[in-house]
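Following: one structure in structure tokens, then a few remarks.
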Amino acid sequence: MASSSALSLHALSRSSLVLAGILFLAIGIGNVFAGHSKITQYEEVLHSTTPPSAPADPAALFPAASEGEERHELALAKLGFYQLLVTAGRVLCALGVLLLSVGTLRVWVSAPPAHAGSRAN
């Protein structure tokens with residue numbers, strides 16, 4: 001029985017679908033954790049900065065912005081980026097689980113029966 005499980009682990013480690021699934025799953029989990037930590041950081045920055053006010057002169061092509069408004073806009077842009085990173089991480093996790101499942105199923109179906117040779121009398 002131990003050689004059978006070792007053989008299946010060996011077969012799983014040689015499957016490209018399983019390895020790609022593990023890679024996508026690991027990258028996706030990393031993206032989700034990194035994104036969540038940065039989202040909380042930039043939400044705090046957004047709460048501490050002043051929101052941009054309406055422009056005083058609508059005819060001005062490049063209205064002057066205060067440093068607080070610039071920090072608020074920058075934090076808002078970075079928050080959007082990290083929300084996108086979390087979404088991409090979730091997609092990669094789902095794709096990794098799908099590839100891992102298909103690869104495991106494929107190895108399991110193509111594996112020969114454990115005691116096929118011993119019953120041929």
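The values are calculated or read from the model by the stated rules, or taken from the named source; none is laboratory data. Since this is a predicted model, take the numbers as computed values, not measurements. In this analysis, Cβ positions are derived from the backbone assuming ideal geometry, glycine residues included, and neighbour counts consider all displayed protein chains.
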Exercise for review: Mind counting the residues in the stretch 69-93 that are over 8 Å from the mean Cα position of the chain (by Cα) and among the hydroxyl-bearing types (Ser, Thr, Tyr)?
Suggested key: 1
Review point. In the list Leu74, Leu85, which residue meets the criterion of being under 21 Å from Asn31 (Cβ atoms) and either at pLDDT 90 or above or not small (Gly, Ala, Ser) (or both)?
Key: Leu85
